[in-house]
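A short write-up of the structure that comes next.
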Amino acid sequence: MKKITVLLALLLSLLYFRTFTWLINAWLTDPYYSHGFLIPIISGFIAWMTIHKRKEESEFKPEPFKHGIFIFAFGLLLYAIGFIKLFPFVSAISFLFTLSGLILYFYGKPTMRSFLFPVSFLIFAIPLPLLVLEKVAYVLQTVSARHSASIIELLGIPVTRTGAEIHLQDASFIVGLPCSGMNSLLSLLALATVFIYILRCPRYKKAVLLSATIPIAISANVLRVTSLLLLANAYGADTAIGFFHTLFSPLLFIIAFILLILVSIIIGCKVTAGGGGG
């Protein structure tokens with residue numbers, strides 16, 4: 001069985017070589033997916049922990065499920081469509097199906113159930129089509145600009161806004177797509193998914209927590225933009241777009257994750273070493 005596993009891994013690597021090359025290039029060049037390298041590492045670690053745990057419990061016994069071949073075939077069909085149409089996103093998605101189909105076919109349903117999370121988690125490494133990313137980022141860009149300007153106005157500071165452009169008395173800013181919070185949202189969703197996986201609580205609470213990730217990420221970005229506007233109003237635009245512009249991104253990401261942890265505590269979720277609770 002080990003020889004078959006190694007052989008299949010080699011064959012998949014050859015089949016998906018072009019897709020993997022596209023993914024690596026995207027992780028290197030797309031600012032929205034700079035976290036992409038971490039996803040397969042985390043997924044692989046969780047898979048390894050799962051195998052180790054099942055071996056300790058003497059549960060790692062292959063129970064082949066022949067119908068897994070249909071999922072594998074569906075994955076190959078998706079791959080062919082992506083390959084022919086030069087649509088790498090579809091080819092990358094197909095990998096999740098071909099891998100799942102092979103696990104089912106050779107190892108069975110219980111093993112696939114255990115590997116469902118690490119396999120599904122790989123979706124966070126696959127860049128969404130540019131058109132989708134730009135549309136979502138545009139919405140986030142507008143939301144961040146509108147709410148930040150509203151907060152500044154509530155604080156009694158003169159401000160006008162035109163779309164994503166915000167004008168103070170002595171400075172003007174454009175909340176560009178890189179400042180939309182899209183990067184933080186994608187990274188936080190991936191981190192939140194792992195965090196939720198290791199929590200011990202009912203599935204509906206996990207769903208609530210995952211849903212809360214989106215407004216938390218958006219709120220954190222609004223706070224970031226607002227803070228920069230306050231700095232610009234007090235100390236000038238150069239101060240706001242310099243050191244603090246760089247500092248606030250990771251700082252607000254950390255704050256957003258802390259807020260997520262607080263929400264998990266409030267709804268009664270606890271961390272479990274085994275993961276996958278609920």
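The values are calculated or read from the model by the stated rules, or taken from the named source; none is laboratory data. The model shown is predicted, which means the values in this text are computed figures rather than measured ones. Heads up, the Cβs are rebuilt from the backbone with ideal geometry, glycines too, and the neighbour counts pull from every protein chain shown.
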Assess whether A149 counts as being closer than 30 Å to V119 by Cα and either touching a residue at least 40 places away in the same chain (Cβ under 8 Å) or in a helix (DSSP H, G or I) (or both). no
When you scan region 37-44, do you find a residue that is of a type in the set (S, T, N, Q), modelled with pLDDT under 90 and either over 13 Å from A125 (Cβ atoms) or surrounded by 17 or more Cβ atoms within 10 Å (Cβ to Cβ) (or both), even just one? no
Some residue of region 139-156 being exposed (fewer than 13 other Cβ atoms within 10 Å of the Cβ), among the acidic types (D, E) and on the phi < 0 side of the Ramachandran plot: no
Which of the following residues is surrounded by 19 or more Cβ atoms within 10 Å (Cβ to Cβ), hydroxyl-bearing (S, T, Y) and part of a helix (DSSP H, G or I): S211, S219, S187? S187
Unmet criterion (only one of (1) surrounded by fewer than 21 Cβ atoms within 10 Å (Cβ to Cβ); (2) within 21 Å of A256 (Cα to Cα)) for M182: (1)
Which condition breaks for V132 when tested against (1) under 27 Å from W22 (Cα atoms); (2) in contact (Cβ under 8 Å) with a residue 40 or more places away in the chain? (2)
So which pairs qualify, if the first residue must be in region 105-129 and more than 18 Å from A190 (Cβ to Cβ), the second must be basic (K, R) and in a helix (DSSP H, G or I), the Cβ gap must be under 7 Å, and the two must be at least 6 apart or on different chains? S114/R54
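Evaluate the following for V90: is it farther than 19 Å from L8 by Cβ and modelled with pLDDT of 95 or more?
yes
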Output the residues belonging to region 222-260 that are more than 20 Å from S34 (Cβ to Cβ) and surrounded by fewer than 15 Cβ atoms within 10 Å (Cβ to Cβ). A234, Y235, G236, D238, G242, F243, I258
Could you please find all residues in region 20-35 being modelled with pLDDT of 95 or more and assigned to a loop (DSSP other than H, G, I, E, B)? none
Return only the number of the condition from (1) over 30 Å from P178 (Cα atoms); (2) within 21 Å of the chain's Cα centre (by Cα); (3) charged (D, E, K, R) that D30 does not satisfy. (1)
Exception for F173 within (1) over 24 Å from L259 (Cα atoms); (2) in contact (Cβ under 8 Å) with a residue 60 or more places away in the chain; (3) in a helix (DSSP H, G or I) falls at (3)
Scanning region 157-173 for residues that are closer than 17 Å to L223 by Cα and surrounded by fewer than 14 Cβ atoms within 10 Å (Cβ to Cβ) gives E165
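Hey, could you check region 83-138 for residues that are of a type in the set (K, R), part of a helix (DSSP H, G or I) and under 23 Å from F70 (Cβ atoms) and say which is nearest to the chain's Cα centre (by Cα)? Spell out how you get there, then give the answer.
So the first thing to find is which residues in region 83-138 are of a type in the set (K, R), and the list is 85, 109, 113, 135.
Subsequent filtering for residues that are part of a helix (DSSP H, G or I) retains 109, 113, 135.
So of that shortlist, the ones also under 23 Å from F70 (Cβ atoms) come out as 109, 113.
Working: K109: 26, R113: 22 Å.
Here the residue is R113.
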Within region 45-79, which residues are small (G, A, S) and at pLDDT 95 or above? A73, G75
If only one of Y138, Y197 is within 24 Å of G36 (Cβ to Cβ), touching a Gly at 6+ places or on another chain (Cβ under 9 Å) and not assigned by TED's automatic domain parsing to the domain that holds D30, which one is it? Y197
